[in-house]
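Following: one structure in structure tokens, then a few remarks.
The values are calculated or read from the model by the stated rules, or taken from the named source; none is laboratory data. What you see is a predicted model, and the numbers here were worked out from it, not measured in a lab. Positions of Cβ are generated from backbone atoms using ideal geometry, with glycine treated the same way; all protein chains shown enter the neighbour counts. All accessible areas refer to the heavy atoms of the entire protein, side chains included, with ligands and DNA or RNA removed. Shrake-Rupley method; radii C 1.70, N 1.55, O 1.52, S 1.80 Å.
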Amino acid sequence: QVQLVESGGGLVQAGGSLRLSCAASGSIFSINVMGWYRQAPGHHRELVATITSGSTTNYADSVKGRFTISRDNAKKTVYLQMNSLKPEDTAVYYCTMGIRERISSATNNYWGQGTQVTVSS
């Protein structure tokens with residue numbers, strides 16, 4: 001069974017930095033797109049950043065120039081480096097991966113459990 005485990009959240013002052021990690025484990029043949037989403041209280045879950053298997057990246061306008069997504073395919077891990085954090089970045093951050101468990105499998109989307117990021121002003 002595939003699992004995604006996140007780490008790296010916490011409390012930081014405005015202007016500070018955090019690095020989130022998300023590692024996949026289990027039966028995995030290949031991983032396509034990896035990404036990060038976030039959900040603040042009273043808001044819908046929103047896209048933060050994605051990275052394809054070819055390392056093409058995409059960012060929400062609100063984080064461009066401040067956040068960087070990267071991946072380590074050998075470790076089946078995606079990272080989110082967050083710099084110049086703002087109070088409005090406060091949310092639960094979720095990782096997601098498009099994973100094929102076997103060569104004959106379709107690609108399914110898996111989600112991590114979420115990690116809290118709180119930015120104080």
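Let's test the formula: R0 of 22 Å, r as the Cβ-Cβ distance of Glu46 and Asn108. What FRET efficiency results, to the nearest 0.05?
Once rounded, the FRET efficiency stands at 0.55.
For the chain, give the share of DSSP beta bridges that are antiparallel, in percent and rounded to the nearest 5; count only bridges with both residues there.
Percent antiparallel among DSSP bridges in the chain is about 90.
When only C-alpha pairs under 8 Å and at least 6 residues apart count, what is the relative contact order of the stretch 1-85, in percent?
Averaging sequence separation for qualifying contacts and normalising by length gives 32 percent for the stretch 1-85.
Could you tell me which residue out of Gly9, Val119, Gly26 lies farthest along the dipole of the chain toward its positive end? Charges go on the beta carbon: Lys and Arg +1, Asp and Glu -1, centred on the Cα centre.
Gly26
According to the Kirkwood expression over distinct Cα-Cα pairs, how big is the hydrodynamic radius of the chain, in Å?
14.5 Å
Normalised by the number of residues in the stretch 49-121, what is the relative contact order in percent for Cα pairs under 8 Å and 6+ residues apart?
About 23 percent, as a whole number.
Return one whole number: the accessible area per residue of the stretch 1-76 in Å², for a 1.4 Å probe.
About 56 Å² of surface per residue is accessible.
Please list, or write none, the lysines whose alpha carbon is within less than 26 Å of the alpha carbon of Lys86, excluding same-chain residues fewer than 8 places away.
Hits, sequence-local ones excluded: Lys64.
Given a Förster distance of 25 angstrom, what is the FRET efficiency for Ser7 paired with Thr56, based on the Cβ-Cβ distance and rounded to 0.05?
Result of the calculation: an efficiency of 0.50.
Among Gly16, Gly54, Gly98, which one shows the biggest mean-square fluctuation in a GNM of the chain, springs joining Cα atoms closer than 10 Å?
Judging by the Gaussian network model, the answer is Gly54.
How much of the accessible area of the stretch 1-99, probe 1.4 Å, is carbon plus sulfur, in whole percent?
Roughly 48 percent, rounded to a whole number.
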